[in-house]
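The values are calculated or read from the model by the stated rules, or taken from the named source; none is laboratory data. In this text the structure is predicted, and so the values were computed from the model without any measurement. When we count neighbours, we look across all protein chains shown, and the Cβ atoms used for this are built from the backbone with ideal geometry, even at glycine. Areas reflect the complete protein model, heavy atoms only, side chains present, ligands, DNA and RNA absent. Shrake-Rupley method; radii C 1.70, N 1.55, O 1.52, S 1.80 Å.
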Amino acid sequence: MADVIDRNVLDEVASGDLARRGTRGAISHQVLCEVVQVLDFLAVVLAGGIAFAFYLIVVLGEWDAYDRYGLTVLLAAMVFVAALRRGGTYTISRLSRFGWQIGRAVLLWGATLGLLSTISFFAKIADLYSRGWVLTWALLVVFELVLLRAGLRSLMRRWGAQGRLSRAVGIVGAGDGGEQLIAKLRTDGRGEVAIAGIFDDRLNRVPAYVGGCRVLGTTDDLIAMTRSGLIDEVIIALPLRAEGRIGELVAKLRSLPVDLRLSIDQIGGFPMRGIGETASARTIEILDRPLKHWGGIIKWLEDQIVGALALIAFAPLMLMIAAAIRLDSRGPVFFVQDRFGFNNKTIRVLKFRTMHVEQEDPTGAKRTVAGDPRVTRVGRFLRSVSLDELPQLVNVLRGEMALVGPRPHALGMKAGERLYHDAVSDYFQRHRVRPGMTGWAQVNGLRGEIDSLEKARRRVALDLYYIDHWSLWLDLKILVKTIVVMFGRENAY
């Protein structure tokens, strides 16, 4: 599998619109829209609280009835946000229209107040509320909505200029299907979709440009561009009759950490998640990028917060381990090894040194076995309880690893007598997420040495299960089970 695209082509793509967003990637439209909904809800609540504190307490000197006013404010906030959602306010295309947003928000806020006033009138409770408070609250909400939308417009303009509001789409297929898809994306996806390029393995039979977009290379070049972080979504635009070819492409591209879509009607022969849209182009959802939208944010917060707390908590123990290593054998405290990370990129993983320095194996080609003479006395204990992995908390805080995920393997690690990625067909799919300090495989009996092909395949299967079923609760379960497994000392040497 080629992982090197023509440097002139890659530089050309990287110097264009896609490069403006740098390594930060695209902003999730779903997350942005949901954050704005939360902010609108909080704006109504905050305005109600300020109006209560200022008008009722300061002006009128009334301290009670906060429960009645509070419930009214919460009800109004829920009704208002629901009305905005129902009115189609929370879409990227409409959030960018400042005037439309203000007009729609003020109109629906007025309708919300009108609804509540009507209810209070017929319930004969209108006299229980201060008209001054209602007026103050209403004006404050409008003021806050204007400020919020002005700030949002500024941010969206900046993100738009950086190219972070557009999803970079690579299209496979330079035929009529690809040309029709390009036309649709350019018509209906303006500002939301950036076409990274067209890819087709029949380079000698396709034109240099399709629909005004350059044919950049083969699917191997597409994989290389995706590994470089320049593509968010891949759409296969091949005719229905090419079912066999589509199946081959799905098998080839399924290890990439992107959304994989098919731009034609439902077809059998490979797994499908459902029907979706890119802009207004109907697509079959074959694979979803793991940890997208809120999942990625929650996972990042988990790693940064828990990782930082763990590093602080284990710092005294780590200092004692470092001292023991120095007293036990000559050489550095840490061992640094190149391993596979997210998206097949190489990362430098930290460990406490557990082997005699002259017998270390940087490639990981030689497995560690029971009674291995290369392992030091201190190293043998550290390996048995996995304390040699503690320095990887630094890798977690750097964003190179996660607390939980598929374990990062050394580049030369073998399953039996073959390289791991040659021996197990789905191996590279495990690199669609960041590697972890511990994982689902490790707490299910596959910790330590993998001495057979069957164990290797089972470990990869467990890693892929974790990726497909990730949740915060699953991570917490694995972390708790890891503590139990650590002291079991099974298969760790």
Testing the spin-label approximation: label points 7 Å from Cα along Cα→Cβ at E454 and Y209. State their distance in nm.
5.9 nm
So, in Å, what gap is there between the alpha-carbon centers of segment 110-168 and segment 287-333?
43 Å
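Just flag the trypsin sites (Lys or Arg not before Pro) in segment 292-350 sitting in loop per DSSP whose Cβ has no more than 16 other Cβ atoms within 10 Å.
On the way: sites: K292, K299, R326, R330, R339, K345, R348; in loops: K292, R330, K345.
Qualifying residues, ordered by number: K292, R330, K345.
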Step through the residues of segment 144-157 one at a time and calculate ³J(HN,Hα) from phi using the Karplus curve (6.51 cos²θ - 1.76 cosθ + 1.60, θ = phi - 60°), rounding each to whole Hz and writing x for Gly and Pro.
5, 5, 5, 4, 4, 5, 5, x, 5, 4, 4, 5, 5, 5
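Put V357, V396 in order of accessible area, largest first, 1.4 Å probe: what do you get? Mind dumping the intermediate values first?
Details: V357 45, V396 0 Å².
Of V357, V396, the descending order of accessible area is V357, V396.
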Quote the FRET efficiency, to the nearest 0.05, computed for R348 versus L46 with a Förster distance R0 of 41 Å and r equal to the Cβ-Cβ distance.
0.35
Using a/c under 1.5 as the rounded threshold, could you call segment 55-189 rounded, prolate or oblate? The axes a ≥ b ≥ c are square roots of the C-alpha gyration tensor eigenvalues, and prolate needs a/b larger than b/c, oblate otherwise.
prolate
Which chymotrypsin sites (Phe, Trp or Tyr not before Pro) in segment 61-161 sit in a loop by DSSP (not H, G, I, E or B) and have at most 14 other Cβ atoms within 10 Å of their own Cβ?
W63
Once you have the Cα-Cα distance between I102 and I297, take 0.36 nm times their residue separation minus that, and quote the gain in nm to one decimal.
67.3 nm
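If you take the beta carbon distance between A308 and I483 as r and set R0 to 22 Å, what does 1/(1 + (r/R0)^6) give as a FRET efficiency, to the nearest 0.05?
On the way: r = 19 Å, r/R0 = 0.84.
With R0 = 22 Å, the Cβ-Cβ based efficiency is 0.75.
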In nm, to one decimal, how far is the modelled label at R157 from the one at E243, with both set 7 Å along Cα→Cβ?
5.3 nm
